[in-house]
Amino acid sequence: MRNTRHWGLTMSDSHDELNFWRKYVFSTDHKTIGIQYGITALVFLFFGFSLMMMMRWQLAYPGQAIPIIGALLGDTFVNRGAMLPEFYNQLGAMHGTIMVFMGIVPLAVGAFGNFVVPLQIGAADMAFPRLNMMSYQAFVIGGVIMLLSFLAPGGAASSGWTSYAPLSDIATSGQTWWLIGMIFLIFSSLLGAINFIVTIIHLRAEGMTFFRLPFFVWSQLVTAFLLLLAFPALQAAAVFQLMDRLAGTSFFLPSGLVVGGEASAAVGGGSPLLWQHLFWFLAHPEVYVLILPGMGIVAEVIAINTRKPLWGYRSMVYSLVFLGFMSFCVWAHHMFLTGMGTTMSTFFQITTMIISIPSVIILSCLVISLWGGSIRFPVPMLFALAFLPMFGIGGLTGLPLGLAVPDVYLHDSYYVIGHFHYVVAPGTIFAMFAGIYHWYPKATGRAMNESLGKLHFWLSFIFMNGIFMPMMFEGMAGVSRRLFNPEVYNTGLGAHGLTVISSWSAWCLALSQLPFIYNFFASMRKKERAEENPWQATTLEWATPTPPPHGNFPSPPVVERGPYEYSVPGAASDFSPQAVKQGV
Amino acid sequence: MKDPQYGWWLPPDVSTNGWVVDQLLAIIHWFMLALFVGWGIFIIYCLLRFRAREGHSAVYEPIKAAFSKWLEVGVAVAEGVVLVALAMPAWAAIKNITAEVPENPVIIRAVAEQFKWLFHYSGKDGVFGAIGSEFISTDSPAGVDPDDEAGYDDFWVYGLHIPVDRPVITRLSSKDVIHSFKIPVMRLTQDAIPGLEIAVWYQATDTGKFQVGCAQLCGLGHYEMKADFVIHSPEGYQAWLDEEHAALGFDDE
Ligand code: HEM
Ligand SMILES: [Cu+2]
Ligand SMILES: [Cu+2]
C-alpha cells in the first residue's frame, strides 16, 4: 500500500487541538479549503452577477438613471445616476473575468474538487496540503486585487475579459491591476492543478484502479491537466502585456500606430494577433475547464438517482481524455475573422467538428443512462436533468460558430453571448447547484429543505431561459455584443423588445436565488441530523462519518468494485458500496 | 429600393454572397432543432416511463450491446455528415467569397480609428497615392503621401458609398486598435487590425441606405462607431463621385 505513510502522518495530525486560525483560516484540511473556496467563489459569483444586473438596466433603458444604486455611485461611474460608457465597459470586462476566473473555476475545481476528490478516491487529504492552502490564498489575493481595481484612476479594466491588444496595452491603469490579479489567479490554478494530478495518481485507496474512479474524479483529472498545460500561455502573455504597459516593450504593438491623431511612442514591431493566439490557447481549454467538472457532477447525480450504472462509463472516460487532448487544437476558431487563410481556417473548422464528437458521446451516454432506471427526483437530480437540454442548447449553438461561414455573420454578436452562457450558466451553474444540494448533507451533516429547493429550481430554470434565449434571436437580428447602447444601430432598435425581456429575467433570476440563500444558511442550524448516506450512494465519500473528520476515514478503505454498482441482481440492497469492509 | 426592416430575425440581405450564409444558417438550425427535439422526446419519455414507483425497479444490465453499438455508430455518422455535408460546402463557400477575385471591381480603402470609419477613394485616376502611417495628419487622415501625384485626386469620406451590381473590394486597416467591419445586410464581418491590410469583397444586389458598424470592442466610443452605408444606382454613384470631385476643386477638368 503506497499511501500508508501518508495515512500515518495525517491521522496523527488530527489528534492535535487546532486553534481557530489554524482550523478555519489557515487550514490545510482539504475539506475546509474546499468550503473556503466554495463560499468565496459564491460571493464572487454573486458580485459578478450584480455587475451584470446594472448592465442589464443600461441595455434595457439606455441613458436612464439606475434605480437606487445609481445614486450611490461616484461621478466617475455615473452621470446623474445614469451609467457612463467607461463604466459599462468596466462592468463588462469585470463580469466576464470574475465569473470565469473567480467564480466558476474556483467553485468547480477549488471547491468541489477539493472537497470531493480525496473523499472519493479514499485518501486522507490532498497530496500537498500546504500547497493547497497557498493555492487558496493566491486566489483570494488575486480576487481582492481585481475588486480593488475599480478604485484605480480610470476605474477597472475595460478591454473585455479577452483584453485584446493593442486596446488593452493603451488602456487606463485598471488594466495593470487586472494583469497582476490574473497572475495571482493563474498561479493559484497551477498550484491546484499539480496537487490534483499528484493526489489522484498517488493517493488512491487500495483497490481503487483507474477504471473504478467515479467519473467526477476523471473529470477533475482531465481538468487539472488542462489547467496545467494551458494557463502558462496566458501567464506568459500577461507578463508580456505588463511589460508593454510598464517597461516600454512592444510585444503586441505593431509599428506605425496613430492613437487619437498622435503617433505612438512605442517602438513597434510587435503583433496584436500574438496576444489572441496566446489568449485563446488558454481560453479554449478554459471553456472545458468550466464545463467538465459540471459534467462530472451531473454524471454522479444521475447514476445515483436512476439507481443503475452509468451507461457507457468507459466510453465516457475515453471521450473525456480525447476531449482534453483535442481542446488544445481548436483555439483559432475564435479568430476566423482575423484574416486567416483558407488552409488555417479549414484546419480549425475540422478540429472543431472533431471535438464535438466526444462531447456528443458524453452527453448521449448521460441521456441513455436514464433508460431502464428507477428515477427519483430530489432537487439535485432536477438540476442535473435540466443540465442536459441546457448544455445541449449551448453545445448545438456552437456548431454554426465553429463553421467559418456562418461565423462571418454571427461572430461578436449576441448569439455568441447566448451560446456560451447556455454552456456556463444554465449548464455549469445548474451542475454546481446540483452538486451543492447533493453534497451539502455530507459537508454539514444537515439536509437542505426540498420544497425551497424545488422552488429555487423551477424559478431559476424559467428565468435562465428568459435571459439567454432572447439573446440568440438578438444575435440573429445582427445585434453586436459589448455595446453600451444597442439602440444606436437599427438592428438593435428592431430587437429592443428582446433586450427588455432578457433584462427583466435577469432581475427575476436574482430574486429566485433568495430561497436558495435562505435554505443554505437556515439548513445549517437545523437540529435534526442528516443520515450518513442519504442518497444510498456507492462512492467512498458516503462511507465516511458525517461530516468527515480530519483524515476522513477512520481506517483506510479497501475498494472492491466499480463506482456505479446499483441494482445489482442478487445483491442485498439496490446499491453495493465500493468499499464494504475497511482495511486495517 | 429595399425598405430596411429590422426585427427579431435576420435583417434583409442585399448581397450576392449572403444567401450562402443564410442557407447554412437555416440548414444548421433545422439540424439542431431536430436533434434537440429528438433528444427532448427521448428524455421526457424516459422520465415518465422509468420514474421510481411502487413495483418498478431499475435494470442493472446495460442496454443490449447491439443497440449501443448502433447508437455510437449513429452518433459518429451524424457527426461525419455534419463534417462532410456542412463543413466542406461551407469551406467551398468561403473560397467563393474570398478567393475568386472579381472583375472590374471598385476598390475602396477603409481605415478604422477610434471611433469612426474613414473611407478612402482613389479618385478619377483609379490609383491610390502612396500610403504610410507617417503621413497621417489632420489634413490627411488617410495617410496619403502629399508628394505622390497619384494621391492628388484621392478623397476620403466618413460614409461608405458603393454602386449596386458591381463587385467592391474593401482594403481594411486600422490606425490604432482592432476594430471589426460589420455590415449585417451584406452578411459581412472582418476584423481591421493595425499593422495589417486585409481585403474583403462583396457585391450589392439592391440600392438602399444601411449601416456599417464596428463589431470589436475598441474603447469608450465603440458603441457609436457606425457609418452610413449607401448603395447607389450606377448613375447615382457616378453623380456622387462627381460631386466629391467637385468638392476637391477638380471640376475644371
Ligand atoms: C447567470 C447570470 C448571467 C447573466 C445574466 C449574464 C449576462 C451577460 C451578458 C448580457 C453579457 C454581455 C455583455 C455585453 O455584451 O456587453 C455577458 C458577458 C459575459 N459573460 Fe455573462 N452572464 C451570466 C453568467 C455568466 C457566467 C456564469 C459566466 C462564466 C462562467 C459568464 C461569463 C461571461 C463572459 C466571459 C462575458 C463576456 C464579457 C466580455 O465581453 O468581455 N457570465 N454576460
Ligand atoms: Cu474555443
Ligand atoms: Cu469598435
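Taking the options A:353, A:340, name whichever one is assigned to a loop (DSSP other than H, G, I, E, B), more than 30 Å from residue A:562 (Cβ to Cβ), out of contact with any strand residue (DSSP E or B) (no Cβ under 9 Å at 6 or more places or on another chain) and within 13 Å of chain B (Cβ to nearest Cβ). So that I can check it myself, show each step before the final result.
Working: A:353 fails: assigned to a loop (DSSP other than H, G, I, E, B).
Answer to the selection: A:340.
State all residues of the stretch A:275-289 that are of a type outside the set (A, V, I, L, M, F, W, C) and either near ligand 2 (Cβ under 10 Å from one of its atoms) or closer than 13 Å to residue A:241 by Cβ (or both); if no residue qualifies, say none. Walk me through it before giving the result.
Applying the first criterion (of a type outside the set (A, V, I, L, M, F, W, C)) to the stretch A:275-289 yields A:276-277, A:284-286, A:288.
Selection gives A:276, A:284, A:285, A:286, A:288.
Filtering the stretch A:25-73 down to residues that are open to solvent by 40 Å² or more (accessible area, probe 1.4 Å), more than 22 Å from residue A:501 (Cβ to Cβ) and not β-branched (Val, Ile, Thr), which residue is nearest to ligand 1 (Cβ to nearest atom)?
The selected residue is A:46.
What's the total number of residues in the stretch A:484-511 that are surrounded by 20 or more Cβ atoms within 10 Å (Cβ to Cβ), within 9 Å of chain B (Cβ to nearest Cβ) and touching a residue at least 12 places away in the same chain (Cβ under 8 Å)?
Residues in the stretch A:484-511 being surrounded by 20 or more Cβ atoms within 10 Å (Cβ to Cβ), within 9 Å of chain B (Cβ to nearest Cβ) and touching a residue at least 12 places away in the same chain (Cβ under 8 Å): 7 in total.
Considering only the stretch A:155-163, I want to know if a residue exists there that is within 16 Å of ligand 1 (Cβ to nearest atom), over 15 Å from the mean Cα position of the chain (by Cα) and free of Cβ contacts under 8 Å to residues at least 60 places away in the same chain. If you could, list the steps in order and put the result at the bottom.
Step one: list which residues in the stretch A:155-163 are within 16 Å of ligand 1 (Cβ to nearest atom), which gives A:155-163.
Applying the additional criterion that residues be over 15 Å from the mean Cα position of the chain (by Cα) yields A:155-160, A:162-163.
Checking the rest, the ones that are also free of Cβ contacts under 8 Å to residues at least 60 places away in the same chain come to none.
No: zero hits.
I need the full set of residues from the stretch A:329-346 which are within 14 Å of ligand 2 (Cβ to nearest atom) and surrounded by fewer than 18 Cβ atoms within 10 Å (Cβ to Cβ), in order please.
A:329
Residues to consider are A:127, A:205, A:165; find the one that is away from ligand 3 (no atom under 16 Å from the Cβ) and open to solvent by less than 10 Å² (accessible area, probe 1.4 Å).
Of the residues listed, the single one that is away from ligand 3 (no atom under 16 Å from the Cβ) and open to solvent by less than 10 Å² (accessible area, probe 1.4 Å) is A:205.
Taking the condition within 9 Å of chain B (Cβ to nearest Cβ) and surrounded by fewer than 22 Cβ atoms within 10 Å (Cβ to Cβ), does residue A:255 pass?
Working: within 9 Å of chain B (Cβ to nearest Cβ): yes; surrounded by fewer than 22 Cβ atoms within 10 Å (Cβ to Cβ): yes.
For residue A:255, the condition - within 9 Å of chain B (Cβ to nearest Cβ) and surrounded by fewer than 22 Cβ atoms within 10 Å (Cβ to Cβ) - is met.
Have a look at B:179, B:120, B:161 and point out the one that is within 16 Å of ligand 1 (Cβ to nearest atom) and within 20 Å of residue B:200 (Cβ to Cβ). Quick ask: steps written out before the conclusion?
Numbers: B:120 fails: within 16 Å of ligand 1 (Cβ to nearest atom); B:161 fails: within 16 Å of ligand 1 (Cβ to nearest atom).
When all the criteria are applied, what remains is B:179.
So which residues in the stretch B:1-34 are touching a residue at least 24 places away in the same chain (Cβ under 8 Å), outside any loop (DSSP other than H, G, I, E, B) and facing chain A (nearest Cβ under 9 Å), if there are any at all?
B:18, B:20, B:21, B:22, B:24, B:28, B:31
Find the strands (runs of 3 or more DSSP E) located wholly in the stretch B:160-226 whose residues include 1 or more that are open to solvent by 10 Å² or more (accessible area, probe 1.4 Å), and list them.
Working: elements: B:160-163, B:168-174, B:179-183, B:188-192, B:198-202, B:208-214.
Hits in the stretch B:160-226: B:160-163, B:168-174, B:188-192, B:198-202, B:208-214.
Quick one: would you say residue A:140 is open to solvent by 10 Å² or more (accessible area, probe 1.4 Å), without any contact (Cβ under 8 Å) to a residue 60 or more places away in the chain and not polar (S, T, N, Q)?
Working: open to solvent by 10 Å² or more (accessible area, probe 1.4 Å): yes; without any contact (Cβ under 8 Å) to a residue 60 or more places away in the chain: no; not polar (S, T, N, Q): yes.
For residue A:140, the condition - open to solvent by 10 Å² or more (accessible area, probe 1.4 Å), without any contact (Cβ under 8 Å) to a residue 60 or more places away in the chain and not polar (S, T, N, Q) - is not met.
Can you tell which of A:545, A:534, A:557 is open to solvent by less than 10 Å² (accessible area, probe 1.4 Å) and closer than 30 Å to residue A:27 by Cβ? Steps first, answer last, please.
On the way: A:545 fails: open to solvent by less than 10 Å² (accessible area, probe 1.4 Å); A:534 fails: open to solvent by less than 10 Å² (accessible area, probe 1.4 Å).
Selected residue: A:557, the only one of A:545, A:534, A:557 that is open to solvent by less than 10 Å² (accessible area, probe 1.4 Å) and closer than 30 Å to residue A:27 by Cβ.
Anything in the stretch A:324-346 that is under 28 Å from the mean Cα position of the chain (by Cα) and free of Cβ contacts under 8 Å to residues at least 12 places away in the same chain? List them, or say none.
Hit for the stretch A:324-346 is A:325, nothing else.
Of the residues A:418, A:445, A:435, A:453, which is away from chain B (no Cβ under 14 Å), under 22 Å from residue A:45 (Cα atoms) and either within 18 Å of the chain's Cα centre (by Cα) or surrounded by fewer than 21 Cβ atoms within 10 Å (Cβ to Cβ) (or both)?
Values: A:418 fails: away from chain B (no Cβ under 14 Å); A:445 fails: under 22 Å from residue A:45 (Cα atoms); A:453 fails: either within 18 Å of the chain's Cα centre (by Cα) or surrounded by fewer than 21 Cβ atoms within 10 Å (Cβ to Cβ) (or both).
Going through A:418, A:445, A:435, A:453 in turn, the sole match is A:435.
Can you give me the number of residues within the stretch B:107-131 that are within 16 Å of ligand 3 (Cβ to nearest atom) and open to solvent by 20 Å² or more (accessible area, probe 1.4 Å)?
Residues in the stretch B:107-131 being within 16 Å of ligand 3 (Cβ to nearest atom) and open to solvent by 20 Å² or more (accessible area, probe 1.4 Å): 4 in total.
The values are calculated or read from the model by the stated rules, or taken from the named source; none is laboratory data. These numbers come from a predicted model, not from an experiment. Note that we place each Cβ from the backbone using ideal geometry, even for glycine, and neighbour counts take in every protein chain shown. Side chains are part of the model used for accessible areas, which takes the heavy atoms of the whole protein and leaves out ligands, DNA and RNA. Shrake-Rupley method; radii C 1.70, N 1.55, O 1.52, S 1.80 Å.
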